[in-house]
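Note sheet for the following structure.
The values are calculated or read from the model by the stated rules, or taken from the named source; none is laboratory data. From a predicted model like this one, the values you see are computed outputs, not experimental measurements. Positions of Cβ are generated from backbone atoms using ideal geometry, with glycine treated the same way; all protein chains shown enter the neighbour counts.
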Amino acid sequence: MELGQKSVTGASREANEDRCLVAVPSHDGNGVRAVLAVADGMGGHAKGEVASSIAVEQVEMALLDGAETLGAQLGSDPAAFISALMSRINDAILEASQAAGHAGMGTTLTLAVLSGSELLVGHVGDSRAYLINEAGIQRLTHDHNWPGELEAVGQISAEEAMTHPRRNVLTRCLGATPNVRPDIYRIPIYIGNQVMVCSDGLTGAVSDAEIAELLLRNAPQTACDALVDLAVKRGSSDDITVVALRI
């Protein structure tokens, strides 16, 4: 496997509220071959970077550090595992928000776990996961924001969603309410497939076709660097984060 990652602070931001993870575990007790995650924190002075850090740290503990409480569920019931992990992260963010008095702290989380020959994706928010191969690019996740919901029911096109004036209004995130409802996907994975997870700082400036072209022509790290540089060049004001994996 080849891995890549890059994250930069947006031009209009004081600090980067994105957090990411791309890693191969040092053990195989949970059947996990690789983990990719992107969390895009929100809240500004309400400490969005704290929420995104909690999300990524919880993923790392559950999947890479040998934590048995959630990892033991992966093989028997992957969907229940993803749901339990997302719920635990949501609870941790709510507790941290209440303890520190940071009302409004929250984060997206898009998580891709390579387990055996299957990719498990857990998703809340408007960060995205993609599958790329010689046949093209497939977006695996549905944006939990205002235009994303309209696109899902066919009221607007994907192109219209990219420029919708309410694209920053999330309909789901971690840390907003006591209950969280993640989308969960299970996708077969093959040699030559690539997986990319990113924050909306990238997809607001770079098209799916451009993402596919750069990933197919380059090694994952080179592609991540080029994608972020392209988004910056086009004036993306949001934090930009990209992680990628090639099988």
Q. Given the conditions (1) out of contact with any Cys (no Cβ under 8 Å at 6 or more places or on another chain); (2) closer than 30 Å to Arg88 by Cα, and given that Ser207 satisfies all but one, which numbered condition is not satisfied?
A. (2)
Q) How about region 14-27: which of its residues are crowded, with 16+ Cβ neighbours inside 10 Å and not β-branched (Val, Ile, Thr)? A) Asn16, Glu17, Asp18, Arg19, Cys20, Leu21, Ala23, Pro25
Q: Inspect region 74-95 for any residue being among the basic types (Lys, Arg) and within 14 Å of the chain's Cα centre (by Cα) and give the result as yes or no.
A: no
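Considering only residues that are part of a loop (DSSP other than H, G, I, E, B), surrounded by fewer than 23 Cβ atoms within 10 Å (Cβ to Cβ) and of a type outside the set (Ser, Thr, Tyr), which ones fall in region 121-162?
Let us first name the residues in region 121-162 that are part of a loop (DSSP other than H, G, I, E, B), namely 125-127, 134-135, 140-144, 153-157.
Applying the additional criterion that residues be surrounded by fewer than 23 Cβ atoms within 10 Å (Cβ to Cβ) yields 134-135, 140-142, 144, 153-157.
Result: Glu134, Ala135, Leu140, His142, His144, Val153, Gly154, Gln155, Ile156.
Count, please, the residues in region 1-23 that happen to be modelled with pLDDT under 90 and among the hydrophobic types (A, V, I, L, M, F, W, C).
Of region 1-23, the ones modelled with pLDDT under 90 are 10-15.
In the following step, the residues that additionally are among the hydrophobic types (A, V, I, L, M, F, W, C) were identified as 11, 15.
Counting residues in region 1-23 that are modelled with pLDDT under 90 and among the hydrophobic types (A, V, I, L, M, F, W, C) gives 2.
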Q | Subset of region 28-41 that is surrounded by fewer than 24 Cβ atoms within 10 Å (Cβ to Cβ) and in contact with a Ser or Thr (Cβ under 7 Å, 6 or more places away or on another chain) - its residue that is modelled with the highest pLDDT | A | Arg33
